[in-house]
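First comes the structure, then the notes that go with it.
The values are calculated or read from the model by the stated rules, or taken from the named source; none is laboratory data. Because the structure is a prediction, the values reported are computed rather than measured. Positions of Cβ are backbone-derived with ideal geometry, glycine not excepted, and every protein chain shown enters the neighbour counts. With ligands, DNA and RNA removed, areas are computed over all heavy atoms of the protein, side chains included. Shrake-Rupley method; radii C 1.70, N 1.55, O 1.52, S 1.80 Å.
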Amino acid sequence: MTAAAATTPLVKARDIHKSFDHLEVLKGIDLDVMPGEVVVILGPSGSGKSTFLRCINHLEAINKGFIEVDGEQIGYRMRNGRLQKLTGNGIARQRRKIGMVFQQFNLYPHMTALENVIEAPIGVHGMNRRDATTEALELLDRVGLSDKAASYPRQLSGGQQQRVAIARALAIKPKLMLFDEPTSALDPELVGEVLTTMRDLARQGLTMIVVTHEIGFAREAADRVVFMDGGKIVEMGRPEEVMDNPRHPRTQAFLARFL
Amino acid sequence: MSGKPAIAPPSGGADPRDVVNAHAPFPIGRLILWAVTAVIVVDFGLIVARNENFGWPVVAAYFFDRTVLNGLSVSLGLTVVAMVIGTALGLVLAIARLSKDTLASSSASLFIWFFRGTPLLVQLIFWYNLSTLFPQISLAIPFGPTLASWETNAVITPVTAAIVGLALNEAAYMAEIIRGGLLSVDRGQAETAEAFGMTKGRALRRIIIPQAMRSIVPPTGNQLISMIKATSLVSVIAMADLLYSVQSIYNRTFEIIPMLLVAVLWYLLITSILNVGQSYIEAYYSRGERRDGAAAPLPAAQEASH
């Protein structure tokens with residue numbers, strides 16, 4: 001929330017285009033995200049918001065434009081003045097500072113909650129098992145699940161699974177967290193616990209980009225709300241501006257459904 | 001059944017419709033079936049035991065015969081070696097076949113097509129007779145100098161012919177089993193591993209393969225049992241496996257049936273042991289599958305939270 005002090009954006013996306021076969025899903029997205037900022041992306045289904053999020057850590061390769069995270073161009077590098085595609089390992093290295101939370105949780109089902117959380121710190125970041133375990137237990141405690149460390153994902157409710165997934169993403173000490181519709185697969189009564197966890201993270205100054213349908217979360221936790229439609233950003237601003245006084249008719253129509 | 005009252009008398013004023021008071025009807029049909037089956041089994045057992053042509057004393061005498069045990073160890077050794085090589089090569093082929101690289105996927109497909117499409121027995125005889133096709137085996141740079149050269153007959157002994165034949169054939173089948181297993185894992189798992197910065201190799205090893213094992217293990221158990229039996233084919237290339245050993249004995253003694261029974265009992269014994277082993281492995285890889293299952297023991301570091 002202390003975005004004012006920072007001057008260079010952590011995420012810089014310029015003129016992002018993305019097509020699947022002949023379907024153009026993103027039609028020129030420009031977005032800067034400052035360190036510590038919480039950006040919530042709203043928009044109807046099929047507006048391209050999840051695709052855009054997945055482009056930021058190169059789960060989808062973009063067709064035009066460029067994305068920089070923490071000063072590094074994602075998926076590419078400059079070599080002798082020419083842009084070169086990165087290999088799998090090069091991309092893997094760039095992703096180490098970006099945490100991601102998925103709609104379907106995607107916990108590793110053959111590992112306990114604790115094992116899920118320590119997997120990347122040990123295997124990708126080279127931490128030793130004892131330190132990783134200590135930190136993982138703290139993280140699980142922070143998401144309110146210290147008593148579930150030894151449970152397998154199948155034994156947890158959806159909300160608990162998603163909170164483990166958040167702890168897992170935090171365990172790599174990310175500079176940026178991406179949330180891809182983190183509550184959309186949850187039963188209504190389980191949404192609250194996940195949103196509470198996310199609000200805490202937002203308050204602690206983590207840089208977050210959140211794709212969601214939770215209007216209430218956007219209003220309370222976002223520094224900035226981005227409204228996407230038809231593969232473009234149609235409106236962007238502080239939550240109260242965009243949500244209370246939407247200027248664009250598409251935004252107005254979208255928000256009207258939640259009143 | 002008709003003699004009983006339709007409804008049990010109420011006890012302590014309870015509702016007679018309470019399912020707690022329900023009885024199962026007497027299973028008369030099932031008991032008759034059991035009795036008939038038991039009679040048939042005992043009768044069949046007596047027939048087998050009393051028929052002297054089975055030669056049970058001969059079976060007993062040769063069951064632990066040195067030649068038989070040597071043959072058994074050859075069969076088991078061949079199975080293990082061929083299975084290990086076959087599985088390792090099969091994993092490589094499966095990954096190659098799933099690769100986006102056309103060269104890798106088409107070479108793997110070609111391999112699988114050839115080795116699944118020809119009979120194992122023919123392949124074994126083919127490897128055994130490789131020297132007729134290539135009298136010399138050389139290590140050389142294509143169109144360039146030869147680095148080393150061997151007589152094919154020195155390299156392809158019955159043992160190497162058997163191992164190469166069985167392993168390559170097995171690799172083709174294992175490749176398809178492993179490929180099916182890898183495909184059975186939710187696409188989101190690979191994506192998550194990717195998003196967390198894991199390399200492809202680590203994602204396979206830590207995330208994808210452990211989950212794929214659930215669908216790989218049962219057909220692999222099948223393959224292993226097939227393999228043990230398939231080793232009997234190597235007797236045609238004069239490899240002294242279990243079948244070849246009992247044959248060498250009955251060629252001397254003419255006790256054909258008893259000696260075949262020795263082999264049959266050993267094959268059954270080995271496959272039975274493998275079945276038990278397989279169920280343990282399956283239980284291991286389905287951990288985390290049961291909802292009600294006990295949670296895993298916590299590592300020692302965890303104590304403060306309770």
Here the Kirkwood hydrodynamic radius of the range B:58-146, Cα-based and in Å, equals 16.9 Å
In the range A:66-212 the accessible area split gives carbon plus sulfur, as whole percent at 1.4 Å, a share of 43 percent
For the pair B and A, the solvent-accessible area buried on both sides (1.4 Å probe; DNA, RNA and ligands excluded), in Å² to the nearest hundred, is 3000 Å²
Any trypsin sites (Lys or Arg not before Pro) in the range B:12-83 that lie in a DSSP loop and have at most 11 other Cβ atoms within 10 Å would be B:R17
Per its Cα gyration tensor (rounded if a/c is under 1.5, else prolate when a/b beats b/c, else oblate), the range B:119-260 is best filed as oblate
Surpassing 26 Å at the alpha-carbon level, of the pairs B:K200/B:K229; A:K148/B:K200; A:K49/A:K175; A:K85/B:K200, are B:K200/B:K229; A:K148/B:K200
Expressed per residue, the solvent accessible area of the protein assembly as shown in Å² (1.4 Å probe) is about 53 Å²
Hull surface over four for the Cα convex hull of the range B:101-183, reported in nm², is 7.1 nm²
Using alpha-carbon positions, the gyration tensor of the range B:18-110 gives root eigenvalues a ≥ b ≥ c; with a/c under 1.5 called rounded, otherwise prolate if a/b exceeds b/c, else oblate, the class is oblate
Any chymotrypsin sites (Phe, Trp or Tyr not before Pro) in the range B:211-254 that lie in a DSSP loop and have at most 16 other Cβ atoms within 10 Å would be B:F254
Longest principal axis of chain B (C-alpha) makes with the long axis of helix B:102-117 (C-alpha) an angle, in degrees to the nearest 10, of 80 degrees
Cα convex hull volume per residue for chain B, in Å³, equals 312 Å³
Percent antiparallel among DSSP beta bridges confined to chain A, rounded to 5, stands at 60 percent
Computed Rg/Rh for the range A:1-72 (Cα atoms; Rh = Kirkwood radius) stands at 0.99
Here the whole-number average of other chain Cβ atoms within 10 Å per Cβ of A:114-127 is 3
Check: C-alpha center the range B:211-290 vs C-alpha center the range B:102-168, spacing in Å is 25 Å
If exposed means GluC sites (Glu not before Pro) lying in a DSSP loop and surrounded by at most 14 other beta carbons within 10 Å, then the longest stretch of chain B lacking such sites spans residues B:1-288
Length-normalised contact order of chain A, Cα under 8 Å, at least 6 apart, in percent, tallies to 25 percent
Relative to chain B, whose Cα atoms define the longest principal axis, helix B:66-98 and its Cα axis are tilted in degrees, nearest 10, by 90 degrees
Using the Cα gyration tensor of chain A, the equivalent ellipsoid's semi-axes, largest first and to the nearest Å, work out to 29, 24, 17
Given unit charges at Cβ for Lys, Arg (+) and Asp, Glu (-), the dipole magnitude of chain B about its Cα centre in debye, nearest 20, is 380 debye
Percent relative contact order for chain B, counting Cα pairs under 8 Å at least six residues apart, stands at 23 percent
Taking a ≥ b ≥ c as the square roots of the Cα gyration tensor eigenvalues, with a/c under 1.5 meaning rounded and otherwise prolate when a/b beats b/c or oblate if not, the range B:137-176 comes out oblate
With the range A:96-207 reduced to its Cα atoms and the Debye formula applied, log10 I(q)/I(0) at q = 0.17 1/Å amounts to -0.73
Taking the range A:198-259, the equivalent ellipsoid from its C-alpha gyration tensor has semi-axes in Å, biggest first, of 21, 12, 10
Filtering chymotrypsin sites (Phe, Trp or Tyr not before Pro) in the range A:159-259 by DSSP loop and by at most 12 other Cβ atoms within 10 Å leaves A:F258
Taking every C-alpha to C-alpha distance in the range B:1-158 and binning by 10 Å from 0, the per-bin percentages run 7, 13, 18, 14, 12, 13, 12, 6, 3, 1, 0
Once both label points are put 7 Å beyond Cα along the C-beta direction, the A:R93-A:Q204 separation in nm becomes 2.9 nm
In degrees, nearest 10, the alpha-carbon axis of helix B:158-184 is tilted away from the dominant principal axis of the alpha carbons of chain B by 50 degrees
Kirkwood radius from Cα pairs of the range A:27-140 plugged into Stokes-Einstein at 10 °C, 1.306 mPa s, gives D in µm²/s equal to 95 µm²/s
With bins of 20 Å, the percent of all Cα-Cα pairs of the protein assembly as shown per bin from 0 is 16, 34, 28, 18, 3, 0
Sequence order, the range B:266-271: Karplus ³J(HN,Hα) from phi using 6.51 cos²θ - 1.76 cosθ + 1.60, θ = phi - 60°, Hz rounded, Gly and Pro as x, gives 5, 4, 5, 4, 5, 5
Given unit charges at Cβ for Lys, Arg (+) and Asp, Glu (-), the dipole magnitude of the range B:149-228 about its Cα centre in debye, nearest 20, is 320 debye
Dipole check, chain A, charges on Cβ (K,R +1; D,E -1), about Cα centroid: among A:V101, A:L10, A:G205 the Cα furthest to the positive pole belongs to A:L10
Rounded to 0.05, the calculated FRET efficiency for the beta carbons of B:V41 and B:N129 at R₀ = 35 Å is 0.15
Within the protein assembly as shown, the percent of DSSP beta bridges that are antiparallel, given to the nearest 5, stands at 65 percent
When every protein chain stays in place and a 1.4 Å probe is rolled, A:D223, A:D131 sorted by accessible area with the largest first are A:D131, A:D223
For A:L206, the residues 5 or more places away or on another chain with a placed amide H closer than 5 Å to its own amide H are none
